[in-house]
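Peer 1: Below is a structure I'd like to ask you about.
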Amino acid sequence: STNSRFTGNRCRLRNILTSYGEITSQISLSFPHAKMSAKVVMQPAVKPSGMRASRFSGARVASQKLARHSGARLPVAPIFARGKKEGEKRIELVNGAVTSGPSLAVEVNGLKMPNPFVIGSGPPGTNYKVMKKAFDEGWGGVIAKTVSLDAGQVHNVTPRYARWQTPDREVLGWQNIELISDRPCETMLAEFKQLKEEYPDRILIASIMEEYNRPAWEELIERCEEAGVDAFELNFSCPHGMPERRMGAAMGQDCDLLHEVCGWVDKKASIPVWAKMTPNITDITVPARTTLDQGMEGVSAINTIMSIMGINLKTLNPEPCVEGYSTPGGYSSKAVKPIALAKVMSIAKMLRDEYPGRTLSGIGGVDSGYDAAEFILLGSDSVQVCTGVMVHGYDVVQRYCAELQDFMIQHDFKSIDEFKGLALDKFTTHSDLHERQKAAIAAKKAAKVGLANDKDWTGEGFVEETDSMVSNK
């Protein structure tokens with residue numbers, strides 16, 4: 001017990017705290033032999049992403065050694081605990097359902113979900129383990145990563161992501177050049193079956209994609225239905241990878257192909273089908289209408305936006321960089337929300353006016369329950385999240401549900417149906433906005449209080465004119 005030993009321990013603990021976040025309680029440490037004391041004030045923090053548990057626990061070990069050396073008492077609870085941002089709302093979910101407050105349950109095409117938050121097709125739904133995690137954390141439904149019959153033609157590269165972020169590393173935009181599932185179809189189907197056996201009451205949706213080949217579409221539909229999935233989402237919208245095979249957005253931008261393929265699917269599928277729309281088109285309602293005319297029960301929108309994240313000004317290489325090269329990819333995360341909302345509004349108006357009873361799953365930049373409320377106000381029946389899970393983890397759904405409930409409580413909404421589509425009528429044309437403003441200005445002038453000049457007095461309305469200028473009526 002010497003000053004040098006104490007100083008070394010203290011420095012080691014300080015380095016750990018600086019590197020890995022602060023601790024969840026307060027410990028006062030005194031060191032009689034060093035003739036000094038130290039107070040370490042620790043605030044809630046989250047274990048750093050990707051940090052090995054053994055290194056993370058090193059902070060606790062160091063603090064325990066330091067406390068034993070000083071005789072200080074340690075809290076009973078673990079020093080490091082999974083935390084949340086200060087003021088962040090969370091809510092308990094039981095099988096995805098809230099236990100109090102306004103109901104978040106929705107029914108979409110006969111599919112009953114405990115809440116409207118659905119894992120969007122992509123890495124968060126790539127295998128049994130991650131989809132099981134999604135159900136356990138409370139997601140209302142899971143859409144698996146897109147499958148096709150021949151995964152042998154799918155060759156992913158790495159790195160395949162690039163981020164646009166603030167100086168504080170807050171993710172605003174996310175680009176990916178990832179392809180559909182590279183796992184054998186048989187493996188994915190077996191995992192679908194296992195999930196439905198373990199979670200029979202939860203909603204599992206198969207995202208599927210094929211070439212312009214009727215037998216292939218029919219075989220994939222039949223095999224997925226045999227595995228027990230609850231619905232299909234047709235991937236007509238992936239903006240990169242395999243356009244030479246007329247798959248993804250290459251098919252979704254061609255209404256003749258859409259018309260034919262959706263016709264095949266409608267004749268074969270016996271469960272609900274959603275068509276996932278690409279935003280990389282002039283008018284998204286045109287292909288959406290094509291799919292609905294062919295019998296699709298719903299539409300999902302939007303998929304990612306074709307993009308180039310940027311050029312690294314040090315290396316002069318594009319990002320994400322693979323051996324010095326890149327390719328345009330799909331853009332997602334918070335930055336795309338305004339674009340997504342506009343597309344969703346257009347589709348929702350069309351559904352309301354031309355296809356009552358059809359459904360809409362809103363996608364694009366959802367990073368909070370308040371974001372989800374905006375999509376629902378524009379007519380979405382459910383809300384999908386993919387990038388948000390990759391940034392925050394699967395338990396983020398508990399925050400989303402808490403925030404959505406908070407919005408509902410503020411407006412005294414008891415259910416999702418009470419405010420679904422409520423904002424649609426607030427959108428009109430620019431010329432109509434001009435006419436409305438002209439009428440409002442005229443009305444204000446007509447209701448003008450008081451007289452500006454003596455010349456405005458009249459004999460007939462003298463009493464009323466006098467009364468209009470009294471302040472304490």
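Residues checked against (1) loosely packed, with under 12 Cβ neighbours inside 10 Å; (2) free of Cβ contacts under 8 Å to residues at least 24 places away in the same chain; (3) not basic (Lys, Arg):
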position: Ile376; (1), (2), (3): no, no, yes
position: Val389; (1), (2), (3): no, no, yes
position: Arg399; (1), (2), (3): no, no, no
position: Asp406; (1), (2), (3): no, no, yes
position: Asp412; (1), (2), (3): yes, yes, yes
position: Glu418; (1), (2), (3): no, yes, yes
position: Gly421; (1), (2), (3): no, no, yes
position: Lys438; (1), (2), (3): yes, yes, no
position: Ala446; (1), (2), (3): yes, yes, yes
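Peer 1: Go through Met242, Met251 for me and flag whichever is touching a residue at least 60 places away in the same chain (Cβ under 8 Å) and either surrounded by fewer than 22 Cβ atoms within 10 Å (Cβ to Cβ) or out of contact with any Cys (no Cβ under 7 Å at 6 or more places or on another chain) (or both). Walk me through how you get there before you give the answer.
Peer 2: Values: Met251 fails: touching a residue at least 60 places away in the same chain (Cβ under 8 Å).
Result: Met242 is the single residue among Met242, Met251 that is touching a residue at least 60 places away in the same chain (Cβ under 8 Å) and either surrounded by fewer than 22 Cβ atoms within 10 Å (Cβ to Cβ) or out of contact with any Cys (no Cβ under 7 Å at 6 or more places or on another chain) (or both).
Peer 1: Additional query: Among the listed residues Glu210, Glu218, which satisfies the condition of being closer than 23 Å to Val265 by Cα and in a helix (DSSP H, G or I)? Can you show your working first?
Peer 2: On the way: Glu210 fails: in a helix (DSSP H, G or I).
After applying the criteria, what remains is Glu218.
Peer 1: Quick check on this structure: which one of Ile203, Ile208, Ile180 is closer than 15 Å to Gly125 by Cβ, at pLDDT below 95 and open to solvent by less than 20 Å² (accessible area, probe 1.4 Å)? Break it down stepwise before answering.
Peer 2: Values: Ile203 fails: at pLDDT below 95; Ile208 fails: at pLDDT below 95.
Going through Ile203, Ile208, Ile180 in turn, the sole match is Ile180.
Peer 1: So, one more: Within the range 346-361, track down each residue that is under 23 Å from the mean Cα position of the chain (by Cα) and open to solvent by 40 Å² or more (accessible area, probe 1.4 Å).
Peer 2: Looking only at the range 346-361, we keep the residues that are under 23 Å from the mean Cα position of the chain (by Cα), and these are 346-349, 351, 358-361.
Within the range 346-361, Ser346, Lys349, Arg358 meet the criteria.
Peer 1: Taking interchain pairs and intrachain pairs at least six residues apart, which have beta carbon atoms under 6 angstrom, with the first residue in the range 353-364 and under 13 Å from Gly298 (Cα atoms) and of a type in the set (Gly, Ala, Ser) and the second outside any strand (DSSP E or B) and open to solvent by less than 10 Å² (accessible area, probe 1.4 Å)?
Peer 2: Gly362/Val344; Gly362/Phe375; Gly362/Ser380
Peer 1: All but one of (1) buried (at least 24 other Cβ atoms within 10 Å of the Cβ); (2) at pLDDT 95 or above hold for Ala342; state the number of the condition that does not hold.
Peer 2: Checking Ala342 against (1) buried (at least 24 other Cβ atoms within 10 Å of the Cβ); (2) at pLDDT 95 or above, the one that fails is (1).
Peer 1: Scan the range 185-200 and tell me whether some residue there is crowded, with 23+ Cβ neighbours inside 10 Å and either modelled with pLDDT under 95 or in a loop (DSSP other than H, G, I, E, B) (or both).
Peer 2: Taking every residue of the range 185-200 in turn, none turns out to be crowded, with 23+ Cβ neighbours inside 10 Å and either modelled with pLDDT under 95 or in a loop (DSSP other than H, G, I, E, B) (or both).
Peer 1: Under 6 Å by Cβ, and 6 or more places apart or on different chains, what pairs join a residue from the range 292-308 that is on the phi < 0 side of the Ramachandran plot with one that is acidic (Asp, Glu)?
Peer 2: These pairs meet every condition: Gln294/Asp266; Ser300/Glu233.
Peer 1: Kindly evaluate Asp367 against the criterion of being in a loop (DSSP other than H, G, I, E, B), within 17 Å of Ala340 (Cβ to Cβ) and either at pLDDT below 95 or open to solvent by 20 Å² or more (accessible area, probe 1.4 Å) (or both).
Peer 2: Details: in a loop (DSSP other than H, G, I, E, B): yes; within 17 Å of Ala340 (Cβ to Cβ): yes; either at pLDDT below 95 or open to solvent by 20 Å² or more (accessible area, probe 1.4 Å) (or both): yes.
When the stated conditions are applied, Asp367 passes them.
Peer 1: Say we look at the range 155-177 and pick out the residues that are among the β-branched types (Val, Ile, Thr) and touching a residue at least 40 places away in the same chain (Cβ under 8 Å); which of these is surrounded by the fewest Cβ atoms within 10 Å (Cβ to Cβ)?
Peer 2: Our first condition is that a residue be among the β-branched types (Val, Ile, Thr); within the range 155-177, this holds for 157-158, 166, 171, 177.
From what's left, touching a residue at least 40 places away in the same chain (Cβ under 8 Å): 157-158, 171, 177.
Numbers: Val157: 14, Thr158: 9, Val171: 19, Ile177: 22.
Looking at the filtered set, the residue picked out is Thr158.
The values are calculated or read from the model by the stated rules, or taken from the named source; none is laboratory data. Values in this document were obtained by computation on a predicted structure and should not be read as measured data. Reconstructed Cβ throughout: ideal geometry from the backbone, glycine too, with neighbour counts over all protein chains shown. Accessible surface areas use protein heavy atoms only, side chains included; no ligands, DNA or RNA. Shrake-Rupley method; radii C 1.70, N 1.55, O 1.52, S 1.80 Å.
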